[in-house]
Amino acid sequence: MTPLLRLRGIGHRFPGGVQALAGVSLEVMRGEVLCLLGASGCGKSTLLRIAAGLLEPAQGAVEWPGGRPPIGFVFQDATLMPWARALDNVALPLRIAGMPRAGRHARAAAALGALGLAGFERAFPAQLSGGMRMRVAIARALVTDPPLLLMDEPFAALDEITRWRLNDELLALRQARGTTIVFVTHSTAESAYLADRVAVLSPRPGRLSALLDFAPMARGRHARSEAPFAARLRAAGDALEAA
Amino acid sequence: MTQRLLPALLLAALLALWEALVRWNGVPPYVLPGPVAIWRALVADWPLLWASLLVTLRVALLALLLAVLGGVALALALLLAQSPVLERALLPLAVVLQVTPIVAIAPLLLIWLDSVLAALLACAWIVAFFPILSNTVQGLNGADPHLHELFRLHGARRWQTLLWLRLPAALPFFLAGLRVAGGLALIGAVVAEFVAGAGGAGSGLAFRILEAGYQLRIPRMFAALALISAAGIAIFAALGLVQRLALRRWGGRAVVAGCRRRAHLRGHDRC
């Protein structure tokens with residue numbers, strides 16, 4: 001496994017003087033699902049935004065051994081343009097890149113279809129449920145077929161049923177496309193279910209306090225009541241407690 | 001249904017009470033005419049009042065149009081200049097213009113400007129301009145910060161962000177400002193007509209009110225007043241309809257969510 005992204009000694013302080021991150025070094029491997037797990041306010045979102053290049057770190061560096069690839073980013077809220085139809089929301093990254101209308105619409109429709117939203121191309125965000133809006137946001141992040149997907153607590157605002165379903169769909173998409181995923185969450189269960197590896201952050205300032213490497217396990221509804229999942233859950237919970 | 005019916009019923013009851021009090025107490029119409037007398041004056045003087053209404057409406061709507069052009073153009077210029085210094089220097093001046101009573105400025109404008117029409121337009125423009133400018137400035141900077149990050153992440157150019165993010169996001173703010181400005185433009189036009197008085201060769205509704213006052217035709221005065229109110233209500237309702245039609249797909253929640261996030265970033269609990 002080769003690293004796609006290397007974070008070296010990342011530190012960050014906000015203008016108010018709050019030290020958000022201190023000396024975080026971490027490698028993201030090609031094709032893995034890496035969860036950043038920590039309590040609210042531990043700087044995990046900040047770390048993700050630094051990795052995306054949305055925020056310049058005060059200390060340390062973000063390195064891309066194979067060059068910086070296109071990145072898909074998913075926020076905690078769906079963050080859709082309320083004036084645009086689902087299709088146009090999904091097609092936005094392609095539009096910015098200058099792709100002609102017909103081509104970008106075809107790819108946006110395919111992306112919506114991959115997330116089970118075929119038939120909702122012409123719907124406006126206000127006409128969709130919270131889970132459907134999040135699917136649109138994921139379709140938008142995937143429409144450029146990026147090798148790296150950064151997700152900032154994307155399912156935190158959704159109900160449990162929708163959350164588990166989207167977790168499964170995310171894993172299926174990753175299986176089909178080989179996308180590398182960095183997934184920020186404050187849920188031990190979510191990290192235990194999704195991740196190949198979990199980076200646990202301690203709060204204020206955020207430091208890397210543990211790096212868990214999980215053995216592969218089966219997925220699906222029943223897997224969440226079986227021993228491998230329970231072992232992962234306990235490991236993540238213990239690491240979070242010790243952080 | 002009752003929400004629309006109740007105000008109408010209340011209005012009808014008040015009008016009936018008014019008419020009854022005027023009749024029982026034998027109040028002469030040159031002191032206080034009853035609704036029936038006012039209605040009769042409205043019907044009898046309709047050609048005159050209608051022509052005057054058109055004069056006043058023309059001034060108000062033309063001023064509103066100029067306020068939209070000026071307000072949006074200045075808001076865009078401020079945005080493109082990307083100069084916080086300019087913005088901080090200019091917006092307080094606009095506030096000064098806004099809070100100075102238009103009644104106090106109107107005589108000056110009538111002295112400075114040769115054409116009465118130009119003076120009337122300037123008065124109405126001054127009061128209508130500010131809500132459009134401030135709302136458009138706010139709206140152009142009012143898009144969800146996460147959407148701005150998304151545009152940045154995908155390497156959007158400035159014109160792309162302006163065209164596809166800032167302008168659409170400004171629409172609800174602009175329309176809210178337009179609705180306020182519509183009512184204010186009418187008030188500005190009427191105030192300016194009052195100040196111009198008989199000195200201007202005006203024939204707008206305010207001039208009719210003054211004229212009827214001098215001639216002690218009080219029912220006609222009230223009829224003109226009622227027409228001004230009706231015009232104001234019509235402008236407000238028409239612009240409200242524009243607002244609803246333009247934003248019917250947005251849904252209230254998305255707008256509120258963006259507003260909440262901005263408030264949260266500034267450390268406030270509420271929008």
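Name the single residue that is farthest from the other protein chains (Cβ to nearest Cβ) among those in segment B:230-271 being modelled with pLDDT of 75 or more and in contact with a Lys or Arg (Cβ under 7 Å, 6 or more places away or on another chain).
My answer is B:PHE236.
For segment A:30-73, how many residues meet the condition of being of a type in the set (A, V, I, L, M, F, W, C) and part of a loop (DSSP other than H, G, I, E, B)?
Final tally of qualifying residues: 6.
In segment B:108-117, what residues are surrounded by 14 or more Cβ atoms within 10 Å (Cβ to Cβ) and out of contact with any Gly (no Cβ under 8 Å at 6 or more places or on another chain)?
B:LEU109, B:LEU113, B:LEU117 - these are the residues of segment B:108-117 that are surrounded by 14 or more Cβ atoms within 10 Å (Cβ to Cβ) and out of contact with any Gly (no Cβ under 8 Å at 6 or more places or on another chain).
Since A:PRO125 meets every condition but one in (1) closer than 16 Å to A:PHE75 by Cβ; (2) of a type outside the set (A, V, I, L, M); (3) exposed (fewer than 15 other Cβ atoms within 10 Å of the Cβ), which condition does it not meet?
Single failed check for A:PRO125: (3).
Mind checking which residues of segment A:18-54 are within 14 Å of another protein chain (Cβ to nearest Cβ) and either buried (at least 18 other Cβ atoms within 10 Å of the Cβ) or farther than 28 Å from A:ARG177 by Cα (or both)?
A:VAL18, A:SER40, A:GLY41, A:SER45, A:THR46, A:LEU48, A:ARG49, A:ILE50, A:ALA51, A:ALA52, A:LEU54, listed by residue number.
Enumerate the pairs (first residue in segment B:115-132 and without any contact (Cβ under 8 Å) to a residue 12 or more places away in the chain; second residue anywhere and assigned to a helix (DSSP H, G or I) and crowded, with 22+ Cβ neighbours inside 10 Å) with beta-carbon separation below 9 Å, excluding pairs fewer than 6 apart on the same chain, so at least 6 apart or on different chains.
So the pair list comes out as B:SER115/B:LEU121.
Across segment B:137-158, which residue is nearest to the chain's Cα centre (by Cα) among those that are away from chain A (no Cβ under 11 Å), assigned to a helix (DSSP H, G or I) and surrounded by fewer than 20 Cβ atoms within 10 Å (Cβ to Cβ)?
B:GLN138
Of the conditions (1) under 21 Å from the mean Cα position of the chain (by Cα); (2) among the aliphatic types (A, V, I, L, M); (3) not in a helix (DSSP H, G or I), B:ALA124 fails just one. Which one is it?
So B:ALA124 meets the others, but not (3).
Taking the condition of being farther than 27 Å from A:GLN175 by Cβ and in a strand (DSSP E or B), how many residues in segment A:202-222 meet it?
Qualifying residue count for the region: 5.
Have a look at A:ALA139, A:ALA176, A:ALA126, A:ALA172 and point out the one that is in contact with a Lys or Arg (Cβ under 7 Å, 6 or more places away or on another chain) and among the small types (Gly, Ala, Ser).
A:ALA126 is the lone residue from the list that is in contact with a Lys or Arg (Cβ under 7 Å, 6 or more places away or on another chain) and among the small types (Gly, Ala, Ser).
Rundown of residues vs (1) closer than 30 Å to A:ARG140 by Cα; (2) at pLDDT below 90, yes/no style:
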residue: B:LEU78; (1), (2): no, yes
residue: B:LEU86; (1), (2): no, yes
residue: B:LEU90; (1), (2): no, yes
residue: B:PRO101; (1), (2): no, yes
residue: B:ASP114; (1), (2): no, yes
residue: B:ALA122; (1), (2): no, no
residue: B:ALA156; (1), (2): yes, no
residue: B:LEU162; (1), (2): yes, no
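From the list A:PRO65, A:PRO70, exactly one residue is more than 19 Å from A:GLY11 (Cβ to Cβ) and within 14 Å of chain B (Cβ to nearest Cβ). Which is it?
From the options A:PRO65, A:PRO70, the qualifying one is A:PRO70.
Regarding A:LEU148, is this residue crowded, with 21+ Cβ neighbours inside 10 Å, in contact (Cβ under 8 Å) with a residue 60 or more places away in the chain and within 20 Å of the chain's Cα centre (by Cα)?
yes
Under 26 Å from A:ALA97 (Cα atoms) and of a type in the set (S, T, N, Q): which single residue out of A:GLN19, A:GLN76, A:GLN59 fits that description?
Just a single option satisfies the conditions, and that option is A:GLN76.
The values are calculated or read from the model by the stated rules, or taken from the named source; none is laboratory data. Quick caveat, the model's predicted, so the values are computed rather than measured. Every residue, glycine as well, gets a Cβ built from its backbone with ideal geometry; the counts of neighbours run over all protein chains shown.
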